[in-house]
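Everything below concerns the one structure shown next.
The values are calculated or read from the model by the stated rules, or taken from the named source; none is laboratory data. Here the structure is a predicted model, which means the values were calculated and not measured. No Cβ is skipped: glycine too gets one built from the backbone with ideal geometry, and neighbour counts run over all protein chains shown.
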Amino acid sequence: MADSHKKNIEKIEESYREKHKKPETWSGFPVKEFYRPEDSAGLDYERDIADPGRFPFTRGIYRDMYRGRYWTRREVTGFGTPMDTNERLKFLITEGSGGLNVIIDVPTNLGLDSDHPRARGEIGVQGVPISSISDVEDIFSGIPVEKISVSLIISSCITPVVLAQYLAMAESRGLEIGKLSGTTQNDPIHTRFCGIRMSAPLDLAYKTGVDTVEYCTRNLPRWYPININLYDLREQGINAAQEIGFGFSMAMLYIRGVLDRDLQIDEFGPRLAFYCSAHMDLFEEVAKLRAARRLWARIMKERFGARDEKSLQFRFGVHTAGCSLVPQQPLNNIVRIAYQALAAVLAGVQSLHCCSFDEPIALPTEEAVRVAIRTQQILAYETGVANVSDPLGGSYYVEELTDRIEKEAVKIIEEIESRGGMMEVLKNGWIDQELEKAALRYQKEVESGERIIVGANAFQIPPEEDFQARVHRISSGAEEIQLNRVKRFKSERDFKKTREAIRNLKSRAEEGEKINLIPAMIEAARAKATLSEVLGTVRQVYGYPYDPFEVVKNPFV
């Protein structure tokens, strides 16, 4: 008893005297005890900071920010069958979601129809399956897509195929596609770092990405044709400056490809967008996003000669950091997510997705998604953070950190350029090496206890005392339902009409790199060609197997 009492006293004393042992940011930038005016003395207010809504937009792209309009509240959705996802989308609308985020499952991302032999066990598990226009119709059944912004989280080479199916669906409703608003993530090159490398070869990824931007620029004036995905890169373990440096180098690669299609920078510059992470270091994340905004304005103006002010504006959505969440004591994740969302809002985010606290365990339950939406609503309506544009602007610490991160990001971009540009470092594996080094560094810090993760390597509790989160489970019959749907769709269509559309697509693809294939893909979607049939046809023209797994043969040969 005495020994137990002594240990408790020692623990109290240790806790009382505990001090901060790692005076650096999450990314490893050392920080001082406090900051003074001289720490940011080199910055000129008008040149480097300026008022919100003015170049270089460090403080925000709009003068009034959330007084003009709140950020769009979105939650990523997709699971089970298209009908299951449709129900969840309608639930989110009733709960106050201002926009829709639809994510696809792994087979779809790989370019496989649901009836592909390798799709078994993965259909609808981590997203919604989309094999045909019929699936798209069911996902958006009863939803007025002409009145709500729709984000299609499709990034691999299937991006133009799913976009074509979506547009064909809208046209079948009698809608003018030029009036639709939304976003295609469309960053196919980055998916090589997300397990989709085998079905996203660099040349084809580049082609499909540029096709999508060109087509949307010419035909969908209210659509964001690309959302360069810095978030997925950050999830690999890289730091804040690398997130900007790698992501902006990727963006410039796409820009050069679109300029080569005889479009001017100010024709598509205003519709470029970015998808960023909001990680755990609140001040660093705010500084990172401010730095990104300033650096992007300078890149567009100085490197590409953009003159339209809208082309200079860094428009970004944020996904709170899924990699920061842990399955132990999952309710702690609500706190993590709230702080990350706060950083995004303080930094001037345009669209925000909050993770659900149960994501390290399973797909989010409705309860968890509701908490994620409520987190955003509490931020918007109760905390006062929407009252003032860039409330942390002028902080000696934040301004110095903003400047430091921008300079580090510029160094990374310049190194990539010195190595031959983004395409070259992708081909020779330099980017892969940098990602692997960052991930290894982080893992060592966690395992050694140098980096404390509450509930993972510190402050743990016995499993029997932990909160038992309710697990969202996909209907046991969802896979069979989707399989039967696809088989029936293929058996009931006019095969001759489908084959004719596929042959036209093949002919167009053979005409050359700069021929935009989306019009032919829309025609194929109307003729009931499936996702794998459309992508497989283009793959073969580019010298790749019809099926990335080389299991299914081309049915039109």
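Would you call ILE61 out of contact with any Phe, Trp or Tyr (no Cβ under 9 Å at 6 or more places or on another chain) and of a type in the set (Val, Ile, Thr)? Please lay out each step first, then the result.
On the way: out of contact with any Phe, Trp or Tyr (no Cβ under 9 Å at 6 or more places or on another chain): no; of a type in the set (Val, Ile, Thr): yes.
In short, no.
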Quiz item: Are there any pairs, at least 6 apart or on different chains, whose C-beta atoms fall under 8 Å, with the first in the stretch 380-405 and outside the structural domain of ALA341 (by TED's automatic domain parsing) and the second basic (Lys, Arg), and if so, which?
Solution: none
Quiz prompt | Given (1) assigned to a helix (DSSP H, G or I); (2) under 19 Å from the mean Cα position of the chain (by Cα), index of the condition ASP84 fails | solution = (2)
Self-check item: Checking THR320 against (1) buried (at least 19 other Cβ atoms within 10 Å of the Cβ); (2) without any contact (Cβ under 8 Å) to a residue 40 or more places away in the chain; (3) among the β-branched types (Val, Ile, Thr), the condition it does not meet
Solution: (2)
Quiz item: Which pairs do you get when a residue that is within 30 Å of GLY237 (Cβ to Cβ), found in the stretch 3-27, comes within reach of a residue that is surrounded by fewer than 10 Cβ atoms within 10 Å (Cβ to Cβ) and modelled with pLDDT of 75 or more, reach meaning Cβ atoms under 9 angstrom, with the pair 6+ apart or on two chains?
Solution: PRO23/PRO30; PRO23/GLU33; GLU24/PRO30
Practice problem: Could you tell me whether GLU550 is exposed (fewer than 14 other Cβ atoms within 10 Å of the Cβ), over 28 Å from the mean Cα position of the chain (by Cα) and not in a helix (DSSP H, G or I)? | Solution: yes
Self-check item: Cβ pairs under 7 Å, 6+ apart, first in the stretch 441-465 and at pLDDT 90 or above, second part of a helix (DSSP H, G or I)
Solution: ARG451/GLU445; ILE453/VAL446; VAL454/ASN332; GLY455/ASN332; ASN457/VAL446
Quiz prompt | the stretch 92-150, subset among the charged types (D, E, K, R), surrounded by fewer than 22 Cβ atoms within 10 Å (Cβ to Cβ) and out of contact with any helix residue (DSSP H, G or I) (no Cβ under 7 Å at 6 or more places or on another chain), residue nearest to ILE522 (Cα to Cα) | solution = LYS147
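Scan the stretch 72-91 for residues that are among the β-branched types (Val, Ile, Thr) and closer than 12 Å to VAL150 by Cα and jot them down. Give the derivation first.
Narrowing the stretch 72-91 to residues among the β-branched types (Val, Ile, Thr): 72, 76-77, 81, 85.
Result: THR72, VAL76, THR77.
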Practice problem: For residues that are more than 16 Å from ARG370 (Cα to Cα) and surrounded by fewer than 20 Cβ atoms within 10 Å (Cβ to Cβ), tally how many sit in the stretch 57-91. | Solution: 9
Exercise. Give the stretch 178-202 a look and list any residue that's surrounded by fewer than 24 Cβ atoms within 10 Å (Cβ to Cβ) and assigned to a loop (DSSP other than H, G, I, E, B), or say none.
Key: LEU180, SER181, CYS194, GLY195, ILE196, PRO201
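Got a sec? Which helices (runs of 4 or more DSSP H) wholly within the stretch 449-535 have at least 1 residues that are in contact with a Pro (Cβ under 7 Å, 6 or more places away or on another chain)?
The helices (runs of 4 or more DSSP H) meeting that bar are 478-492, 518-526.
Within the stretch 138-158, track down each residue that is touching a residue at least 40 places away in the same chain (Cβ under 8 Å) and charged (D, E, K, R).
Let us first name the residues in the stretch 138-158 that are touching a residue at least 40 places away in the same chain (Cβ under 8 Å), namely 138-143, 148-158.
ASP138, the sole residue that qualifies.
For the condition farther than 30 Å from ILE361 by Cα, under 28 Å from the mean Cα position of the chain (by Cα) and among the small types (Gly, Ala, Ser), what is the one hit in SER507, SER475, SER491, SER532?
Working: SER507 fails: under 28 Å from the mean Cα position of the chain (by Cα); SER475 fails: farther than 30 Å from ILE361 by Cα; SER491 fails: under 28 Å from the mean Cα position of the chain (by Cα).
Exactly one of SER507, SER475, SER491, SER532 is farther than 30 Å from ILE361 by Cα, under 28 Å from the mean Cα position of the chain (by Cα) and among the small types (Gly, Ala, Ser), namely SER532.
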Quiz item: Exactly one of (1) part of a helix (DSSP H, G or I); (2) surrounded by 12 or more Cβ atoms within 10 Å (Cβ to Cβ) is unmet by LEU440. Its number?
Solution: (2)
Practice problem: Test VAL286 against the stated conditions and say whether it is part of a helix (DSSP H, G or I), of a type in the set (Val, Ile, Thr) and closer than 18 Å to SER311 by Cβ. | Solution: no
Self-check item: From the options VAL471, VAL454, residue that is on the phi < 0 side of the Ramachandran plot and surrounded by 14 or more Cβ atoms within 10 Å (Cβ to Cβ)
Solution: VAL454
Quiz item: Hey, among ARG271, ARG303, ARG293, ARG256, which residue is closer than 18 Å to ILE226 by Cβ and free of Cβ contacts under 8 Å to residues at least 24 places away in the same chain?
Solution: ARG256
